[in-house]
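Accompanying notes for the structure given below.
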Amino acid sequence: MASDTTPVATPGKMTPEEEDFMIEAAFRDLLDGYLKSNHRKKVEIIERAYRFAKEAHKGVRRRSGEPYILHPIAVAKIASQEIGLGSTSICAALLHDVVEDTEYTTEDIEQHFGPKIAQLVEGLTKISGGIFGDKASVQAENFRKLLLTMSEDIRVVLIKMADRLHNMRTLGSMAPNKRYKIAGETLYIYAPLAYRLGLFAIKTELEDLSFKHEHPEIYEEIASKIRESEAKRTAIYTDFATPILEKLDQMGLKYEAKARLKSVYSIYNKMVNKHLPFEEVYDLYAMRIVFDCDDPGKEKTICWNIYSAITDLYRLHPDRTRDWIAVPKANGYQALHLTVMGPDGNWVEVQIRSRRMDEIAEKGFAAHWRYKIGEGDEESELNAWLKTIKDILDNPEPGAIDFLNTLKLNLFSSEIVVFTPAGELLTLPSGATVLDLAFALHTDLGIHAIAGKVNHKLVPLNHVLASGDQAEVLTSKTQLPQPEWEEFLVTAKARTRLRQALRRVRQPLVDKGREILEHWLLDHEIPDTNAVITKLQGTLHAPNRDELCYQLGAREAILGDFLIGPLKKAAEGDGKRRQTGFLSRIKAIGKKMVPGTGEAPVESGGPTQAERPKINPKEIYPLRMTAEGSNFKLADCCNVVPGDDVMGFINDSGEVEIHSLDCPRAQVLKAGFGSRIVATTWESVSERFLAHIHIEGIDRHGMLQELISLISTHLGIDIRKLDIEASAEVFHCELWVRVSDASVITALCEKAREIDGVNSAARVNH
């Protein structure tokens, strides 16, 4: 929790009186914000919780030197003013580190503040230290605890979000490897979780802060360009908004209208995904209109009246209208979105919301409690989601990282809505298939599914559903689950249920195969050792022992006499290795027991993992490559070039494996193996690296010749591969070149864009 971070600012020397004044001022700021909310005013219990926490943390400081109590106060302020929680949550936030870091127990909290606050503090203590620890199994278990508490009381997770947000805001002076770990798990788990809970403002800030700490230079470059273009952007927005505001005034509405700027992280994603420079990201802002309405029954009508007024002024984009009022998102989000052509010729999105919708959009499910009309309103979609989460928790994946990835699937950001033949509405992740729908309806439907009917047409199980489809699942009692189904499943529940079903079908055959293997080894006097089983797996192409047993049980593989010789040889070799290893250990122990004997160390065939120089993750690791070799290994999942923002990962062999910070695999490593992440810096690299560049534009005579001349002659860059294709006057070029560092790629792209007819030139990273 708080111990994971260090605040950016280090307070100067203060007297105890000045420090106490600063702490009291911070608490008063929290209390003033609470008193302005429309929660029932329970000031007395909040003041008691503050005094209790202040006394418990007395004399304790954060790494920056500031008093520790300022962290719980900041977390309570976020929970109150940014998420909208009430006095119970404020007290729990103030006390959230007391049980973990001091002598007080949960029973003490209950005695002073009652069972509800004690339950929240206990839930927060259970998941302390962040989601992830040093070992994968611990990470999975901590995440499991986090989500289990969610089904007991959602406020535990909301306070945890406030804690993570404050830690991210104060991440600046942490060691780089710690920053990568915390930023990585924030992007991987917390930001999607914030989205799923409807905390849009927090989700956006978590993404931006993670991006800022992972790519400080790129972040500052984009932020600087946003600041430089502000005057021009404001003028364009004013031209666009003025006629709309006049219409709204004529309608007699009480409203607020403003430009909502795209976040730095989302601009960066668009630049990377669409291969665009900053100057060509035109939808930098959207217009948001929030109107006051005391009668929820009139909200929909007002939204569509505003829609009508705007479309009278500007041309509507026919495919980009989103009605989230009739069918809210699974996280409760409601609004009407439309996209129109602005006076400058660019498309502008307009979001129309009532004040109630806006508060739910910004504060998520916390705001539902304020506007709750009946039990069904708040509970329907949230409880359906929590039920799915609980379903996965009750049947966790055998592998810890698989478990985390399965849960990650359920935090999907984009959704579709489909209908059953009876008219039942279901929310599924974008990309969901007929088989996902089958498992969503019932496990037995999924296991015995053979096909589907979508909009009355027969389709296969891997058919991808679209929003608004009416879908039906066809089944057969003789159908059995197939392993290849997992390749086209999207939802976490479907994957979990399929794997359980496959294990149930396979287990009898695995047990049978295990018996066959044991008896055969016994009959031929071959010991059941790791070396023997590894040799057998390699010969029969089985990735693990269970798969080997399954193949034997299913009669897909047979143990023959041709295996006896190689397996006995493997057993003998294993025996010798074990004996040598044992003698080596005895000698080593003997040397330790009798110091100063002058005995030479036992020689080995080469450096083992234990003999490699130990890498200190707390220090920045210099990346070097010379004629003799390199001190790092390039990961094969991302095309890294010197000068890129990269991180190191200490793999199982003790080598530093280099990944781009944006690499999807790196996201998993940062989230799952934080203690093995190493901050790196490029030092001396003599090799040239392969880079992939995508170029496109309007085709003309001599275009290819001009491109090749620029790259080979003017820039002196070696081309390794070039694929170019022209269709309907437009050309697309895939280019692979050898470069010394990332700056060469940047220069090449800039020069290529200067060629007449070239619209874009950008690096392809993955």
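The values are calculated or read from the model by the stated rules, or taken from the named source; none is laboratory data. All figures in this text were calculated on a predicted structure; none of them were measured in a lab. Reconstructed Cβ throughout: ideal geometry from the backbone, glycine too, with neighbour counts over all protein chains shown.
Only one of ILE695, ILE717, ILE745 is in contact (Cβ under 8 Å) with a residue 60 or more places away in the chain and in contact with a Lys or Arg (Cβ under 8 Å, 6 or more places away or on another chain). Can you tell me which?
Criteria check complete, one pass: ILE745.
Within the bounds of the range 241-250, is there any residue that is at pLDDT 90 or above, within 27 Å of GLU279 (Cβ to Cβ), among the hydroxyl-bearing types (Ser, Thr, Tyr) and surrounded by fewer than 17 Cβ atoms within 10 Å (Cβ to Cβ)?
So far as the range 241-250 goes, yes, one or more of its residues are at pLDDT 90 or above, within 27 Å of GLU279 (Cβ to Cβ), among the hydroxyl-bearing types (Ser, Thr, Tyr) and surrounded by fewer than 17 Cβ atoms within 10 Å (Cβ to Cβ).
How many residues does the range 326-342 contain that are β-branched (Val, Ile, Thr) and at pLDDT 90 or above?
Residues in the range 326-342 being β-branched (Val, Ile, Thr) and at pLDDT 90 or above: 2 in total.
So, in the range 1-38, how many residues would count as being more than 30 Å from TYR180 (Cα to Cα) and at pLDDT below 85?
7
Considering only residues that are in contact with a Ser or Thr (Cβ under 9 Å, 6 or more places away or on another chain) and of a type outside the set (Val, Ile, Thr), which ones fall in the range 336-354?
The answer is LEU336, HIS337, LEU338, TRP347, GLU349.
Could you list all residues from the range 459-515 that are among the β-branched types (Val, Ile, Thr) and either more than 12 Å from ALA432 (Cα to Cα) or not assigned by TED's automatic domain parsing to the domain that holds PHE419 (or both)?
VAL459, VAL473, THR475, THR478, THR496, VAL505, VAL510
Could you check how many residues of the range 228-271 are more than 14 Å from VAL350 (Cβ to Cβ) and part of a strand (DSSP E or B)?
1
Quick one: count up the residues across the range 690-706 that are in contact with a Leu (Cβ under 8 Å, 6 or more places away or on another chain) and either more than 23 Å from MET625 (Cβ to Cβ) or among the hydrophobic types (A, V, I, L, M, F, W, C) (or both).
3
Can you list residue pairs whose Cβ atoms sit under 6 Å apart, with the first residue in the range 203-218 being touching a residue at least 12 places away in the same chain (Cβ under 8 Å) and the second being buried (at least 22 other Cβ atoms within 10 Å of the Cβ) and among the polar types (S, T, N, Q)? Count only pairs 6 or more apart in sequence or on different chains.
Matching pairs, first to second residue: LEU206/THR186; SER210/THR186.
Only residues that are surrounded by fewer than 23 Cβ atoms within 10 Å (Cβ to Cβ) and farther than 16 Å from TYR265 by Cβ: list them for the range 190-202, please.
The one that is surrounded by fewer than 23 Cβ atoms within 10 Å (Cβ to Cβ) and farther than 16 Å from TYR265 by Cβ: ARG196.
Take PRO622 and decide whether it is under 21 Å from SER743 (Cα atoms), in contact with a Leu (Cβ under 8 Å, 6 or more places away or on another chain) and modelled with pLDDT of 75 or more.
Considered against the rule, which asks whether it is under 21 Å from SER743 (Cα atoms), in contact with a Leu (Cβ under 8 Å, 6 or more places away or on another chain) and modelled with pLDDT of 75 or more, PRO622 comes out as no.
One line per residue, one yes/no per condition, for (1) closer than 16 Å to HIS275 by Cα; (2) over 34 Å from the mean Cα position of the chain (by Cα):
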position: PHE673; (1), (2): no, no
position: VAL685; (1), (2): no, no
position: HIS692; (1), (2): yes, no
position: MET703; (1), (2): no, yes
position: ILE711; (1), (2): no, yes
position: ASP718; (1), (2): no, yes
position: GLU750; (1), (2): yes, no
position: ALA762; (1), (2): yes, no
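Quick check: is even one residue across the range 313-325 of a type in the set (Lys, Arg), at pLDDT 90 or above, closer than 24 Å to SER263 by Cβ and in contact with a strand residue (DSSP E or B) (Cβ under 7 Å, 6 or more places away or on another chain)?
The answer is no, given that none of the residues of the range 313-325 is of a type in the set (Lys, Arg), at pLDDT 90 or above, closer than 24 Å to SER263 by Cβ and in contact with a strand residue (DSSP E or B) (Cβ under 7 Å, 6 or more places away or on another chain).
Of (1) at pLDDT 85 or above; (2) over 23 Å from ASP358 (Cβ atoms); (3) among the aliphatic types (A, V, I, L, M), ALA201 satisfies all except one. Which?
(2)
Any idea how many residues of the range 272-313 are part of a loop (DSSP other than H, G, I, E, B), under 18 Å from PRO343 (Cα atoms) and in contact (Cβ under 8 Å) with a residue 60 or more places away in the chain?
Result for the range 272-313: 2.
Identify, please: which residue in the range 737-748 is within 25 Å of ASP699 (Cα to Cα) and under 30 Å from the mean Cα position of the chain (by Cα) and is, among those, surrounded by the most Cβ atoms within 10 Å (Cβ to Cβ)?
Among those residues, the one meeting the criterion is ILE745.
Name every residue in the range 44-70 that is in contact with a Ser or Thr (Cβ under 8 Å, 6 or more places away or on another chain) and either assigned to a helix (DSSP H, G or I) or modelled with pLDDT of 85 or more (or both), in order of residue number.
Scanning the range 44-70 gives ILE45, ILE46, ALA56, HIS57.
Does the range 300-351 hold any residues that are in contact with an Asp or Glu (Cβ under 9 Å, 6 or more places away or on another chain) and small (Gly, Ala, Ser), and which are they?
Of everything in the range 300-351, those that are in contact with an Asp or Glu (Cβ under 9 Å, 6 or more places away or on another chain) and small (Gly, Ala, Ser) turn out to be ALA330, GLY332, ALA335, GLY342.
Here's a check for you: in the range 231-253, which residue that is in contact (Cβ under 8 Å) with a residue 60 or more places away in the chain and hydrophobic (A, V, I, L, M, F, W, C) is farthest from ALA286 (Cα to Cα)?
For the range 231-253, the residue satisfying everything is LEU248.
So which residues in the range 343-377 are modelled with pLDDT under 85 and of a type in the set (A, V, I, L, M), if there are any at all?
Within the range 343-377, ILE360, ALA361, ALA366, ALA367, ILE373 meet the criteria.
Among the helices (runs of 4 or more DSSP H) lying completely within the range 461-574, list those that include at least 2 residues that are among the polar types (S, T, N, Q) and either at pLDDT 85 or above or surrounded by fewer than 18 Cβ atoms within 10 Å (Cβ to Cβ) (or both).
Of the helices (runs of 4 or more DSSP H) lying wholly inside the range 461-574, those with at least 2 residues that are among the polar types (S, T, N, Q) and either at pLDDT 85 or above or surrounded by fewer than 18 Cβ atoms within 10 Å (Cβ to Cβ) (or both) span 492-523, 530-540.
Here is a yes/no grid of residues against (1) on the phi > 0 side of the Ramachandran plot; (2) basic (Lys, Arg); (3) modelled with pLDDT under 90; (4) assigned to a helix (DSSP H, G or I):
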| site | (1), (2), (3), (4) |
| --- | --- |
| ALA76 | no, no, no, yes |
| LEU85 | no, no, yes, no |
| TYR104 | no, no, yes, no |
| GLU122 | no, no, yes, yes |
| GLY129 | yes, no, yes, no |
| VAL138 | no, no, yes, yes |
